[in-house]
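Peer 1: Before anything else, here's the structure in question.
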Amino acid sequence: MIDLRCHVISHADCGPQNFTESLEMCRLAYQEGVHTIVATPRWEAGATKPPLAFTDCQRNLEALERETGVSLSLKLGFLMQFSPDLPKLADTYGAKLALAGGRYILVSMPSLHTPHEAEMVWSELARRGFSVVVSRPECSPALRQNPSRLERWVAGDVLLQIDAASVTGAHGREVQRFAAQCVRKYISKVVIASNAHGQDLPRKSLCQAYAVLIKAHGENRARMCVEETPAMVISGMPAYNQTKEPARQFFSPRNLIQRAIR
């Protein structure tokens, strides 16, 4: 599995307290079946510089890869809080803002309202060669109450990042229902990510979410959300259409379900 949103870098806002905790997060994720993590420090709205220097982030990830002692790939991205200035930041930093240095920028929206400038920002980013991944739309009351706006975004080049905890019901039934609706309706445009911050990793288990997805939507669609579409995001390729089925099986669903219920 690929985890496109994980706050694994220590000493960053929303991240673990120290390197040891970061290392434990990586090892637990690998035990679950995660082979690639995109570290996503939070970039505050209005900030003109990253929360940690790019070089510091990269050194941290390289150290984690060495110390884990397993075949776990760690890549850098950022969780960008929504701002009308995102296109200007893209002009300044380019692909450094994007997940794994590709073309997809992960954007966190305000929970209680949807900025009227959103479509303009998406369009300006597209003119610069970037696509948007909207983070946790299922947790936004504003987007849940106005799903037609979300539908228009997805009809364009926007992808959705759903939390693993939303899929399993840890965020409540209403959020879980909306997350399930998104998976059913926008299957090739949805990625499931842990959004883990530290010791909360078991609660935000991708493995458990995968087991729920298999039961609700079938193995192929579940795999699309945790492996196939995330792989395309990392590669920078456009998301495939709704009718394409994933090409390969990377984990036995029986093994993953057994891991999820341990």
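Peer 1: Given the DSSP H assignment, sum -39500 (n - 2.57) over each helix run of at least 4 residues in the chain and divide by its residue total; what's the result at 222 nm in deg cm²/dmol, nearest 500?
Peer 2: When only DSSP H runs of four or more count, the value is -12000 deg cm²/dmol.
Peer 1: Can you put F19, F78, F130 in order of Cβ neighbours within 10 angstrom, beginning with the fewest? Before the final figure, lay out the partial values.
Peer 2: Values: F19 15, F78 26, F130 22.
Exposure proxy ranking, most exposed first: F19, F130, F78.
Peer 1: Return a whole-number percent for the relative contact order of the chain, with Cα pairs under 8 Å and 6 or more residues apart as the contact set.
Peer 2: Numbers: 478 pairs, mean separation 50.9, N = 262.
The normalised contact order for the chain reaches 19 percent.
Peer 1: Normalized C-alpha radius of gyration of the chain, against 2.2 N^0.38 Å? Kindly include the intermediate steps, with their values, before the conclusion.
Peer 2: Numbers: Rg = 17.0 Å, N = 262, 2.2 N^0.38 = 18.3 Å.
Scaled against compact globular proteins, the figure is 0.93.
Peer 1: Identify the trypsin sites (Lys or Arg not before Pro) of segment 72-154 meeting these criteria: DSSP loop state and at most 15 other C-beta atoms within 10 Å of the C-beta.
Peer 2: R128
Peer 1: How compact is segment 1-102 by the rule of thumb for globular proteins, expressed as Cα Rg over 2.2 N^0.38 Å? Provide the component values of the computation, followed by the final result.
Peer 2: Working: Rg = 13.5 Å, N = 102, 2.2 N^0.38 = 12.8 Å.
Output field value: 1.06.
Peer 1: Could you put E219, E67 in order, starting from the residue whose Cβ has the fewest other Cβ atoms within 10 Å?
Peer 2: With the sparsest Cβ surroundings first, the list reads E67, E219.
Laboratory data are not the source of any read-out in this text; all were calculated from the coordinates shown. All of these numbers come straight from a predicted model, not from anything done at the bench. All Cβ positions, glycine included, derive from the backbone under ideal geometry; neighbour counts span all protein chains shown.
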